[in-house]
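Have a look at the structure below, then the notes.
The values are calculated or read from the model by the stated rules, or taken from the named source; none is laboratory data. Computed from a predicted model, the values in this text were never measured in an experiment. Cβ: placed from backbone, ideal geometry, glycine included. Neighbour counts: every protein chain shown.
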Amino acid sequence: MTNAQALDALEALKAKVEAGDVDTVIVCIVDMQGRLMGKRFHARHFVDVGWGETHCCNYLLATDLEMATPDGYASTSWKAGYGDYIMKPDMATLRPVPWLEGTVMVLCDVLDHHTHEAVPHSPRAILKRQLARLEEMGFDSVMATELEFFIFRKSLDEIRKDGFRDLEPLSSYNEDYHIFQATKEEHVLRPLRNHLYAAGIPVEGTKGEAGLGQEELNIRYAKALDAADYHTIAKHATKEIAWQQGRAVTFLSKWHNDHSGSSSHIHQSLWQGGASAFFDENDALGMSSLMKHYLAGLLKYATDYTYFLAPYVNSYKRFQKGSFAPTRTVWSVDNRTAGFRLCAEGCQSVRIECRIGGSDLNPYLAMAAQLAAGIQGIEERLALPPPAEGDNYDGETGLIPQNLRDARDALKHSAMLREAMGNDVIDHYTRAAEVELEDFQRVVTDYEVARGFERS
Ligand code: ADP
């Protein structure tokens, strides 16, 4: 966005504030977990001075789901005094928040308080770095994320009071593509679709998914940074709108061992001059050589970046045979048993869908890591192996890391990601993985007690 466009956006907001249509501006960053963190400004303060910059404590990019202050991060610590970051509003992301009265929202880039440089481990900065590499090569990254989640009958407060036990999904049988079952969820989903659309997020639709009370939200493909912003805001809106309706939603990858997991498939293509650079009408599957190198890169480095698709201990419970979640990093033509599915083969919209990621991923990190792998595939001119066929749950090659510890090790030792993203970034997220492992190691789970209490 040019300065002139930013000023235009500000002027348009000023007019709405003057007219009394807007009184609140949510000013936020995206944290390591892909959540919106920030402040609410009185709209008059925002249009007067707040839009230039504001500040947040730098622990926001060195914390965990519970907002703890774990040690071991080079970027900040108790010793360093947990100082400030600059939150710099990206006025191109200014949008209404139609599900809250008189409210608009803007996403911020995170800058170093002293140098005013982008903080390298900020998720938006990580994605922008890979997009800049692509731009230099002459390409745009076009992505779409699918977002699955479960809706529960009770509210979040009731569920917390119940100790997260006896969770009751909103519907009682498999609702995959099921119109009647999904109708029972329309009090959450209709406002979700309409409010997001009114917020400038190009919602395609929602559909029932295979689990009880499970839904999927589809948003039209866009340039990668926009697609990541859409994903983040849509996930946030889903939680808030469900909360307004007295319901709870979860984006846990796997909330119960007997129920299906929730994914976030990522559709990806590279474009040049407004057309897909992945399409070649002379190829049997319509795949350009650029696409083949990119996909070969995704495959070669899939283990390196699995952490960014599955960042928690829980994320790895999703990878079960026969579950529609993949277990192997192979590619296949329109085949949902593979880690990578070729979609729309032979057509302009030919693309690759990565099916590994869970709904708990951070889209900026997931997209950036895959772009790094794809770019590396292009630079190495990697040859694409033939597509896998049949039931890809059979077979022992290319297994997705089985747990967070293995994914953490692969991340830590990835020369490709260190080169592409920087050592500081990889060390930072390796530490984030360790924090999750250390915390899980510390606690005794319900499973262990029930299994061993009497019988061990
Ligand atoms: P599915 O069969 O997986 O449900 P859809 O037709 O719903 O597939 O498309 C899934 C996603 O792919 C949508 O969000 C759509 O916008 C996106 N998509 C379509 N064309 C492209 C493309 N060329 N590059 C990236 N994403 C795309």
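Against the list (1) over 30 Å from Leu170 (Cα atoms); (2) assigned to a strand (DSSP E or B); (3) more than 16 Å from the ligand (Cβ to nearest atom), the condition Ser141 fails is (3). Restricted to the range 277-369, the set of strands (runs of 3 or more DSSP E) holding at least 1 residues that are in contact with a Ser or Thr (Cβ under 9 Å, 6 or more places away or on another chain) and without any contact (Cβ under 8 Å) to a residue 60 or more places away in the chain comprises 340-343.
If the requirement is being more than 28 Å from Ala277 (Cα to Cα) and within 12 Å of the ligand (Cβ to nearest atom), which of these qualifies: Lys235, Lys207? If you could, list the steps in order and put the result at the bottom.
Values: Lys235 fails: within 12 Å of the ligand (Cβ to nearest atom).
None of the other options fit; the residue is Lys207.
For the condition assigned to a helix (DSSP H, G or I), surrounded by fewer than 20 Cβ atoms within 10 Å (Cβ to Cβ) and acidic (Asp, Glu), Glu396 does not qualify.
Evaluate the range 302-310: report whether one residue or more is within 16 Å of the ligand (Cβ to nearest atom) and either surrounded by 21 or more Cβ atoms within 10 Å (Cβ to Cβ) or at pLDDT below 95 (or both). Scanning the range 302-310 turns up no residue that is within 16 Å of the ligand (Cβ to nearest atom) and either surrounded by 21 or more Cβ atoms within 10 Å (Cβ to Cβ) or at pLDDT below 95 (or both).
Right, Gly246: out of contact with any strand residue (DSSP E or B) (no Cβ under 7 Å at 6 or more places or on another chain), under 22 Å from Ala234 (Cα atoms) and either in the same structural domain as Gln348 (by TED's automatic domain parsing) or among the β-branched types (Val, Ile, Thr) (or both) or not? Even if it seems obvious, please write down each step before you answer.
Values: out of contact with any strand residue (DSSP E or B) (no Cβ under 7 Å at 6 or more places or on another chain): yes; under 22 Å from Ala234 (Cα atoms): yes; either in the same structural domain as Gln348 (by TED's automatic domain parsing) or among the β-branched types (Val, Ile, Thr) (or both): yes.
Yes.
A search for C-beta distances below 9 Å between a residue of the range 135-146 that is more than 18 Å from His231 (Cα to Cα) and at pLDDT 95 or above and any residue that is part of a strand (DSSP E or B) and not charged (D, E, K, R), counting only pairs 6+ apart in sequence or on different chains, returns Met137/Leu270; Gly138/Gln272; Phe139/Leu270; Phe139/Trp271; Phe139/Gln272; Asp140/Leu270; Asp140/Trp271; Asp140/Gln272. The residues on offer are Gln376, Gln370, and the sole one that is under 30 Å from Val435 (Cβ atoms), within 16 Å of the ligand (Cβ to nearest atom) and crowded, with 21+ Cβ neighbours inside 10 Å is Gln370.
Kindly indicate the residue of the range 258-280 that is within 23 Å of Gly213 (Cβ to Cβ) and at pLDDT 95 or above and also nearest to the ligand (Cβ to nearest atom) among those meeting that condition. Write out each step before concluding.
Just the residues of the range 258-280 that are within 23 Å of Gly213 (Cβ to Cβ), to begin with: 258-265.
The next check asks that each one be at pLDDT 95 or above; those that pass are 261-265.
Numbers: Gly261: 16, Ser262: 15, Ser263: 11, Ser264: 11, His265: 7 Å.
If we take residues in the range 258-280 being within 23 Å of Gly213 (Cβ to Cβ) and at pLDDT 95 or above, then His265 is nearest to the ligand (Cβ to nearest atom).
Here are some residues: Leu127, Leu134. Which one is closer than 23 Å to Gln33 by Cα, out of contact with any Lys or Arg (no Cβ under 7 Å at 6 or more places or on another chain), within 16 Å of the ligand (Cβ to nearest atom) and not in a strand (DSSP E or B)? The conditions single out Leu127. Taken together, the criteria exclude Lys161 from residues that are surrounded by 15 or more Cβ atoms within 10 Å (Cβ to Cβ) and away from the ligand (no atom under 16 Å from the Cβ).
Might you check whether a residue that is over 30 Å from Leu131 (Cβ atoms) and aliphatic (A, V, I, L, M) occurs anywhere in the range 217-240? So far as the range 217-240 goes, no, none of its residues is over 30 Å from Leu131 (Cβ atoms) and aliphatic (A, V, I, L, M).
The condition of being closer than 30 Å to Arg165 by Cβ and under 27 Å from the mean Cα position of the chain (by Cα) holds for only one of Ser414, Ser359, that being Ser359.
Look at (1) away from the ligand (no atom under 12 Å from the Cβ); (2) at negative phi; (3) of a type outside the set (S, T, N, Q) and you find that Leu342 fails only one, number (1).
Screening Leu252, Leu217, Leu212 for residues that are in the same structural domain as Ser172 (by TED's automatic domain parsing), more than 14 Å from Ser359 (Cα to Cα) and not acidic (Asp, Glu) leaves exactly one candidate, Leu212. Lys235 satisfies every condition listed in (1) touching a residue at least 40 places away in the same chain (Cβ under 8 Å); (2) out of contact with any Gly (no Cβ under 8 Å at 6 or more places or on another chain); (3) part of a helix (DSSP H, G or I) except (2). Return a yes/no flag: does the range 242-257 have any residue that is modelled with pLDDT under 95 and either surrounded by 19 or more Cβ atoms within 10 Å (Cβ to Cβ) or in contact with a helix residue (DSSP H, G or I) (Cβ under 6 Å, 6 or more places away or on another chain) (or both). No: zero hits.
Here Cys354 qualifies as within 16 Å of the ligand (Cβ to nearest atom) and within 24 Å of Gly211 (Cβ to Cβ).
Return the only residue of Asp391, Asp334 being within 14 Å of the ligand (Cβ to nearest atom) and at pLDDT below 95.
Values: Asp391 fails: within 14 Å of the ligand (Cβ to nearest atom).
After applying the criteria, what remains is Asp334.
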